[in-house]
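Here the structure is laid out as structure tokens; the discussion comes afterwards.
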Amino acid sequence: MTDVHILGVGMTRFGRHPDSDAADLGAEALLEAVADAGIDARAVEAAYCGHVFQGMVTGQRILAEVGLAGLPLTNVENACSSGATAIREASLAIRAGEHDVVAAIGTEHLTSSFKGALTPDPSDPEAAVGATMPGVYAMRARRYMEEFGMTREQLALIPVKNKANAARNPLAHFKTPITIEDVLESRPIADPLNLHDCSPVTDGAAAVIVMSDRALRKYGGDRAVRLAASALRSGSVDVEPVSMTFEPLTWATAQDAYERAGIGPGDVDLAEVHDCFSIAEVLRVEGLGLFEQGSYPAAVERGEADISGRLPINPSGGLIGKGHPLGGTGVAQVVEVVRQLRGEVGDRQIEGARVGVAHCRGGKAVGIEGAACTVQILVR
Amino acid sequence: MGRDLETIRFSTTGTLYTFSIVRQSTPEFEVPYALGYVDFSEGVRIMGQITGCDFEDMRIGMSLALSLEPFGEDDEGNPLTGYRFQPCEVEGD
């Protein structure tokens, strides 16, 4: 079976795009990814497009906009893991031998789709009693503080770190570093989480070009990064109440990915993880086995997760700093990891990075621990 | 696997696993409100709003009892009844 390689990546500026729609943004990202791969756009054989609130056939609108209409195109919805799932589907098409060059796109024009706190689907029984996504994560944060003694100031260091990283990322939604005081004094959303603990409502898109060994030989590839694993799981039903301070879904998906890649958490040089809220970053990195359960807040305090630290987490700025256009997020994480592994990110470069992980997790359904989770491992 | 379920009756008191004071929500909910997960001895955890308790007095592990209360209206204006949780004295097992 062929390996899967990423040769081209592209992404729009993340932020507010009042004069564009999701298809415009997706088209911009796709064209950049094709140009970055150095291939003729006509070499692309199929495409997958992840988005959540953009309506029917957004992917086809993107292809029409760039002159690629006619390709097999699959729209993918998997909540916040939609874009990452599009990459997985593209990689499966390569591994299956069906195609040699496939595009994966993620896009979202969230500012025209949503205002305020993201909530579960209205049919969800917990939404009916007032569950909001910030509320659910706030409850996890409070429980984590109770169990592991994390302080509010320690938690605030995560947005401080991620917005400092975002300030070094020209494509990030937020460009201004913040302090612990800024986090603590920002508007309360769901105690103990404040506005700076939350990822913003962002427009943006990203795209990657994946290819087979055969295509890589044809197009040449000293800039290629190998997609060593692209794992996907859906959450299992909780028959009995489970801990809300650990993520079996993230853990299980990560185990699938590590096994497939033949790589362990100790080999990882950087990770982009789904920090939709500050507490989420804690739960993700511990679920990925990158830090011991209960240890991450103190590790952040020691600078271990900084770009200059032992294991940088969210060097792009993460969802909190770079922004969170739902469908675009998972693809943008992979774009960041690829650029880091190629040494192309200027003053947020992690020296000598060889192995990177991208983790997404999204959606909520009552009775299950989480809806969709992806873990991708990239190696150069 | 399957969809054959049976209905069981379980206790109406439980303990608070965790909670938040929600200060931003969808338009149908008046903020702020207390939202929590309550564990029941039968091995069930249920999310609901908590009423009858000052926000500052809420603690993980506190005892709560189920209460049925008005819960807004449906699309046709009919009153809805929903469940909430209220602080209670522990009555022992």
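In the stretch A:192-226, what count of residues is obtained for those that are of a type in the set (D, E, K, R) and surrounded by 22 or more Cβ atoms within 10 Å (Cβ to Cβ)? Reasoning before the result, please.
The initial filter retains those residues of the stretch A:192-226 that are of a type in the set (D, E, K, R), namely A:197, A:203, A:213-214, A:217-218, A:222-223, A:226.
Next cut, surrounded by 22 or more Cβ atoms within 10 Å (Cβ to Cβ) only: A:197, A:203.
Of the residues in that region, 2 qualify.
Which condition does residue B:40 not pass, out of (1) touching a strand residue (DSSP E or B) at 6+ places or on another chain (Cβ under 6 Å); (2) surrounded by fewer than 16 Cβ atoms within 10 Å (Cβ to Cβ), if it passes all the others?
(2)
Which numbered condition in (1) within 11 Å of chain A (Cβ to nearest Cβ); (2) closer than 19 Å to residue A:128 by Cβ is the only one that residue B:18 fails?
It fails just one condition, (2).
Could you tell me whether the stretch A:71-94 includes any residue that is at pLDDT below 95, surrounded by fewer than 24 Cβ atoms within 10 Å (Cβ to Cβ), over 19 Å from the mean Cα position of the chain (by Cα) and farther than 20 Å from residue A:170 by Cα?
no
So is residue B:88 surrounded by fewer than 17 Cβ atoms within 10 Å (Cβ to Cβ) and either on the phi < 0 side of the Ramachandran plot or among the basic types (Lys, Arg) (or both) or not? Outline the logic, then answer.
Values: surrounded by fewer than 17 Cβ atoms within 10 Å (Cβ to Cβ): yes; either on the phi < 0 side of the Ramachandran plot or among the basic types (Lys, Arg) (or both): yes.
Taking the combined requirement at face value, the residue satisfies it.
Can you say whether residue A:115 is away from chain B (no Cβ under 14 Å) and closer than 21 Å to residue A:276 by Cβ, as far as the supplied structure shows?
no
When you scan the stretch A:291-311, do you find a residue that is of a type in the set (Ser, Thr, Tyr) and more than 28 Å from residue A:133 (Cα to Cα), even just one?
Pass one, the stretch A:291-311, residues of a type in the set (Ser, Thr, Tyr): A:295-296, A:308.
Still in the running and more than 28 Å from residue A:133 (Cα to Cα): A:308.
Scanning the stretch A:291-311 turns up at least one residue that is of a type in the set (Ser, Thr, Tyr) and more than 28 Å from residue A:133 (Cα to Cα).
Is it the case, given these coordinates, that residue B:44 is in contact (Cβ under 8 Å) with a residue 12 or more places away in the chain, facing another protein chain (nearest Cβ under 9 Å) and out of contact with any helix residue (DSSP H, G or I) (no Cβ under 7 Å at 6 or more places or on another chain)? First the steps, then the outcome.
Numbers: in contact (Cβ under 8 Å) with a residue 12 or more places away in the chain: yes; facing another protein chain (nearest Cβ under 9 Å): yes; out of contact with any helix residue (DSSP H, G or I) (no Cβ under 7 Å at 6 or more places or on another chain): yes.
Considered against the rule, which asks whether it is in contact (Cβ under 8 Å) with a residue 12 or more places away in the chain, facing another protein chain (nearest Cβ under 9 Å) and out of contact with any helix residue (DSSP H, G or I) (no Cβ under 7 Å at 6 or more places or on another chain), residue B:44 comes out as yes.
Under 6 Å between Cβ atoms, which residue pairs at least 6 apart in sequence (or on different chains) link something in the stretch A:158-169 that is farther than 11 Å from residue A:322 by Cβ and at pLDDT 95 or above with a partner that is of a type in the set (Gly, Ala, Ser) and in a helix (DSSP H, G or I)?
Here the result reads A:158/A:278; A:159/A:278, each pair linking the stretch A:158-169 to a residue that is of a type in the set (Gly, Ala, Ser) and in a helix (DSSP H, G or I).
Scan the stretch A:76-127 residue by residue and report those that are touching a His at 6+ places or on another chain (Cβ under 6 Å) and free of Cβ contacts under 8 Å to residues at least 60 places away in the same chain.
Within the stretch A:76-127, just A:93 meets the criteria.
Among the helices (runs of 4 or more DSSP H) contained in the stretch A:1-119, which hold 3 or more residues that are hydroxyl-bearing (Ser, Thr, Tyr) and not assigned by TED's automatic domain parsing to the domain that holds residue A:324?
Values: elements: A:22-37, A:58-66, A:82-95.
Result: A:82-95.
Which residues, taken from the stretch A:137-180, are buried (at least 19 other Cβ atoms within 10 Å of the Cβ), part of a helix (DSSP H, G or I) and within 14 Å of chain B (Cβ to nearest Cβ)?
Once the filter is applied, which keeps residues that are buried (at least 19 other Cβ atoms within 10 Å of the Cβ), part of a helix (DSSP H, G or I) and within 14 Å of chain B (Cβ to nearest Cβ), the stretch A:137-180 yields A:137, A:138, A:139, A:140, A:141, A:142, A:143, A:144, A:145, A:155.
The values are calculated or read from the model by the stated rules, or taken from the named source; none is laboratory data. Just so it is clear, the structure is predicted and the values come from calculations on it, not from any experiment. Reconstructed Cβ throughout: ideal geometry from the backbone, glycine too, with neighbour counts over all protein chains shown.
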